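Enquirer: For reference, the structure I am asking about is given below.
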């Protein structure tokens, strides 16, 4: 069934006009027609099944019939702090992290980040990433949007961490002293820190370790920035989360 995110008030019995971009996607790319079954969600944790009522040049509307509350959020709360990578690499990481159940995403500029963003370009990139997250939620069935925080410089982000609200803090490091099997199942949120294309600058690694991060290695091979966090998320879901 086709699923679409709509930033609207949704409830059974309502007939809602789809936003223009959603209507174009539904009628154009998805080729839906009047009478098609659809599901809408707005991030409140539920989804709303309905029927496409009107579909034409003036847009489209959906008659909502049922509120559903499927359990698709992971009990494993992983917050990903990701060193920004260029272009499609970052898109891929965010898309697949959403599919793997990440709870929140913090993009970080680091010393070895290849991309350099002006303030205007940073805001455009952030809006683009939020769109990537929405599309991933539409595809994978999640009804809660993982927030994408404002881009921050590493040296400004690290001192501002609310350590009281965080449990296990892990730094992805090929030379790390820990493997997942060395750790007990977490009872509080996990903060996972992944570097950019060039990896962590030694000074950044030292600062992170001093702030309470622990180095985590994912086997003997060095992974690329666009796959390292995803491999860690998948492994965590397999060992502690909802892959079992």
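Enquirer: Pop a pseudo-label 7 angstrom from the Cα along the beta-carbon direction at both residue 139 and residue 120 and give the gap in nm to one decimal.
Expert: Distance between the two pseudo-spin positions: 3.1 nm.
Enquirer: Helix 88-99 against the longest principal axis of the chain: what's the angle in degrees, Cα atoms only, rounded to the nearest 10?
Expert: Value to nearest ten degrees: 70.
Enquirer: Could you calculate the contour length gain from residue 92 to residue 24, that is, 0.36 nm times the residue separation minus the distance between their Cα atoms, to one decimal place in nm? Could you put the intermediate results ahead of the total?
Expert: Values: separation 68, 0.36 × 68 = 24.48 nm, distance 2.40 nm.
Gain in length upon complete extension: 22.1 nm.
Enquirer: Looking at segment 6-120, what % of its DSSP beta bridges pair antiparallel, to the nearest 5? Don't jump to the answer; show the numbers that get you there.
Expert: Working: 16 of 21 bridges.
Antiparallel bridges make up about 75 percent of those DSSP assigns within segment 6-120.
Enquirer: May I ask what percent, to the nearest 5, of DSSP beta bridges between residues of the chain are antiparallel? Each step should come with its number before you reach the end.
Expert: Numbers: 16 of 40 bridges.
Around 40 percent antiparallel, to the nearest 5.
Enquirer: Given the options 75, 54, 135, state which has the largest fluctuation in a GNM of the chain using a 10 Å cut-off (strictly under) for Cα springs.
Expert: Highest fluctuation among the options: 54.
Enquirer: A further question on this structure: On alpha-carbon atoms, Rg over Rh for the chain using Kirkwood Rh? Don't jump to the answer; show the numbers that get you there.
Expert: Details: Rg = 20.0 Å, Rh = 19.4 Å.
Rg/Rh for the chain comes to 1.03.
Enquirer: What's the FRET efficiency of residue 130 with residue 51 using the Cβ-Cβ distance as r and R₀ = 25 Å, to the nearest 0.05? Display every interim value, and only then the final one.
Expert: Details: r = 28 Å, r/R0 = 1.14.
Taking R0 as 25 Å, the efficiency between residue 130 and residue 51 is 0.30.
Enquirer: Further question: Label-point separation (nm) for residue 217 and residue 203, each offset 7 Å from Cα along Cα-to-Cβ?
Expert: 2.7 nm
Enquirer: Please arrange 114, 132 by counting, for each residue, the other beta carbons lying within 10 Å of its beta carbon, fewest first.
Expert: Working: 114 14, 132 19.
Listed from fewest to most nearby Cβ atoms, that is 114, 132.
Enquirer: Still on this structure: Rounding to the nearest 10 and keeping the result within 0 to 90°, find how far the Cα-based axis of helix 119-140 lies from the longest principal axis of the chain.
Expert: Compared with the principal axis, the helix lies near 70 degrees.
Enquirer: Now for a separate question. Could you give the distance between the Cα centres of segment 29-79 and segment 91-138, to the whole Å?
Expert: 24 Å
Enquirer: Sticking with this one: Can you pull the one-decimal nm distance between simple spin-label points at residue 179 and residue 242, each 7 Å off the Cα toward Cβ?
Expert: Between residue 179 and residue 242, the label points sit 2.8 nm apart.
Enquirer: Moving on. So what's the angle, to the nearest 10 degrees on a 0 to 90 scale, between helix 225-239 and the longest Cα principal axis of the chain?
Expert: Tilt relative to the chain: about 80 degrees.
Enquirer: Looking at segment 2-68, what % of its DSSP beta bridges pair antiparallel, to the nearest 5?
Expert: Values: 16 of 20 bridges.
Once the DSSP bridges in segment 2-68 are tallied, antiparallel ones form about 80 percent.
Enquirer: Extent of segment 97-213 along each principal axis, from alpha carbon coordinates, in Å, largest to smallest?
Expert: Computed over the Cα atoms, the extents are 36, 34, 26 Å.
Enquirer: What's the exposure ranking of 170, 68, going from fewest to most Cβ atoms within 10 Å? Each step should come with its number before you reach the end.
Expert: Numbers: 170 23, 68 12.
Exposure proxy ranking, most exposed first: 68, 170.
Enquirer: Another question, if that's okay. Take 2, 74, 85 and order them by how many other Cβ atoms sit within 10 Å, fewest up front. Mind dumping the intermediate values first?
Expert: Details: 2 15, 74 19, 85 23.
Exposure proxy ranking, most exposed first: 2, 74, 85.
The numbers here are math on the coordinates, done by the rules we state, and not lab data. On a predicted model such as this, the values are computed, not experimentally measured, just so you know. Positions of Cβ are generated from backbone atoms using ideal geometry, with glycine treated the same way; all protein chains shown enter the neighbour counts.
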